[in-house]
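Q: Sending over a structure as structure tokens; questions will come in a sec.
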Amino acid sequence: MNIGLGTANFGTSISESQAHKVLDSFVERGGTIIDTANNYAFWAGKGGESERVIGNWLKTIEREQVKIHTKIGAQPIDGANIDNSEGLSASAIEVAVKASLHRLSTDYIDVLYAHIDDKSISLLETWAALSSLVHQGVVKKLGISNYSLPRILELQNVIGRHDLIPISYAQYRHTIINPLQDADLGVQVCFSTEIIRVLREKNPNIKLIAYSPLLNGAFEMNGSLTASYACDGNQRIVNKIRKDAEHLEVSPSALVLKNISDQGITPLTMTGKVERLIGNIQLLFLN
């Protein structure tokens, strides 16, 4: 199934019992990608809650049934301000990964992402430390999230010059409409045609992951676009999705996720309700 389960609010606004039901349902329907981060959800808790909930759930299944994707580098040192984060120095990576493994109750991570770019540390130091984890077997694959195009190009050069582990995954903000040119998305970076081209040029088999594809329910009949996306052109696309979904007798969210999957990009969907999960992924079932 070309979709992943987002878990940012597990353990905070979504209770552990609710989260476990959603995780069970996702796996029962053929899902394998469980996406989290060490700083989820610091805005509603302290960070680490999502990983801990997933770790408790992992004890109830065979570990090999799922692929755990987690991210490091963006956990606020003070628990509140992402501008003052742990970063991606070699020492910070060592501490963060050890803590994530403990919370996840596992001895390996399937995909580890550099969550946001740490420009205070050389790309060589960061990627050499991450590559070492792959050589140790602690991490299977490496990914990036929210890196700008110039930094991607620089990182690819560093990887090539020093024979480091390649970028196998890239996770960016993405949906079927574009934000306004002057939209302030903070540290979040959207996929662009140029970013995708450059990533695939160096690694044709790279897996692209889309976060926030449903814009917090904006495509649903009672949803609305936030200021970052609100314009006549985007609203026309939303209206068409709603009309097409009604004709197909599916939810608009299901159709959005299917459209993104058809682009060759794996979307993430997050919910605390099993029935909403089933509705969202109904066009992507394996079984």
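The values are calculated or read from the model by the stated rules, or taken from the named source; none is laboratory data. The shown structure was predicted, so the numbers you read here are calculated from the model rather than taken from an experiment. Here the Cβ is made from the backbone with ideal geometry for all residues, glycine too, and neighbour counts use every protein chain on show.
Q: Which of the residues spanning segment 42-73 are in contact (Cβ under 8 Å) with a residue 24 or more places away in the chain, over 25 Å from S168 (Cα atoms) and in a loop (DSSP other than H, G, I, E, B)?
A: Within segment 42-73, F42, A44, G45, K46, G47, K59, T60, I61 qualify.
Q: Do we have I54 as aliphatic (A, V, I, L, M) and either more than 21 Å from V187 (Cα to Cα) or within 17 Å of the chain's Cα centre (by Cα) (or both) here? Outline the logic, then answer.
A: On the way: aliphatic (A, V, I, L, M): yes; either more than 21 Å from V187 (Cα to Cα) or within 17 Å of the chain's Cα centre (by Cα) (or both): yes.
For I54, the condition - aliphatic (A, V, I, L, M) and either more than 21 Å from V187 (Cα to Cα) or within 17 Å of the chain's Cα centre (by Cα) (or both) - is met.
Q: Ok, one more. Identify the residue in segment 132-175 that is among the aromatic types (F, W, Y) and assigned to a strand (DSSP E or B) and, among all such residues, is nearest to N205 (Cα to Cα). Quick ask: steps written out before the conclusion?
A: Start the filter on segment 132-175 by keeping residues that are among the aromatic types (F, W, Y), which leaves 147, 169, 172.
From what is left, the residues that are assigned to a strand (DSSP E or B) are 169, 172.
Details: Y169: 9, Y172: 17 Å.
Filtering segment 132-175 for residues that are among the aromatic types (F, W, Y) and assigned to a strand (DSSP E or B), the one nearest to N205 (Cα to Cα) comes out as Y169.
Q: So, in segment 263-287, of the ones that are of a type in the set (S, T, Y) and in a strand (DSSP E or B), which residue ends up nearest to L23 (Cα to Cα)?
A: T269
Q: Across segment 207-239, which residue is farthest from V111 (Cα to Cα) among those that are in contact with a strand residue (DSSP E or B) (Cβ under 8 Å, 6 or more places away or on another chain) and among the aliphatic types (A, V, I, L, M)? If you could, list the steps in order and put the result at the bottom.
A: Pass one, segment 207-239, residues in contact with a strand residue (DSSP E or B) (Cβ under 8 Å, 6 or more places away or on another chain): 207-214.
Now narrow it down to the ones that are among the aliphatic types (A, V, I, L, M): 208-210, 214.
Numbers: L208: 12, I209: 12, A210: 15, L214: 23 Å.
So, considering only residues that are in contact with a strand residue (DSSP E or B) (Cβ under 8 Å, 6 or more places away or on another chain) and among the aliphatic types (A, V, I, L, M), the one farthest from V111 (Cα to Cα) is L214.
Q: Okay, next question. Tally up the residues in segment 74-102 that are in a loop (DSSP other than H, G, I, E, B) and among the small types (G, A, S), please.
A: Residues that pass the stated criteria total 5.
Q: Give me the pairs, please: first residue somewhere in segment 114-135 and of a type in the set (S, T, N, Q), second residue anywhere and surrounded by fewer than 16 Cβ atoms within 10 Å (Cβ to Cβ) and part of a loop (DSSP other than H, G, I, E, B), beta-carbon distance under 7 Å, and either six or more positions apart or on two chains.
A: none
Q: Take segment 224-234 and flag every residue that is within 22 Å of L268 (Cα to Cα), more than 22 Å from the chain's Cα centre (by Cα) and free of Cβ contacts under 8 Å to residues at least 24 places away in the same chain.
A: Selection gives S224 alone.
Q: Something else: Starting from segment 184-207, keep only residues that are at positive phi and in a loop (DSSP other than H, G, I, E, B), then list their pairs with residues that are hydrophobic (A, V, I, L, M, F, W, C) and surrounded by 13 or more Cβ atoms within 10 Å (Cβ to Cβ) whose Cβ atoms are within a distance under 9 Å, requiring at least 6 positions of separation or different chains.
A: Hits for this filter: G186/I82.
Q: Scan segment 163-190 for residues that are touching a helix residue (DSSP H, G or I) at 6+ places or on another chain (Cβ under 9 Å) and closer than 20 Å to A37 by Cα and jot them down.
A: Passing the criteria: I167, A170, Y172, H174, V189.
One line per residue, one yes/no per condition, for (1) surrounded by fewer than 18 Cβ atoms within 10 Å (Cβ to Cβ); (2) at pLDDT 95 or above:
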site	(1), (2)
N239	yes, yes
A245	no, yes
S251	no, yes
L257	no, yes
Q263	yes, yes
L277	no, yes
N287	yes, no
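Q: Shifting gears a bit: Of all residues in segment 23-41, which are surrounded by fewer than 22 Cβ atoms within 10 Å (Cβ to Cβ) and in a helix (DSSP H, G or I)?
A: Across segment 23-41, the qualifying residues are D24, S25, V27, E28.
Q: Residues being in a loop (DSSP other than H, G, I, E, B) and modelled with pLDDT of 95 or more: count how many of those fall in segment 208-223.
A: Looking only at segment 208-223, we keep the residues that are in a loop (DSSP other than H, G, I, E, B), and these are 212-214, 218-223.
Those left that are additionally modelled with pLDDT of 95 or more: 212-214, 218-220.
The number of residues fulfilling the criteria is 6.
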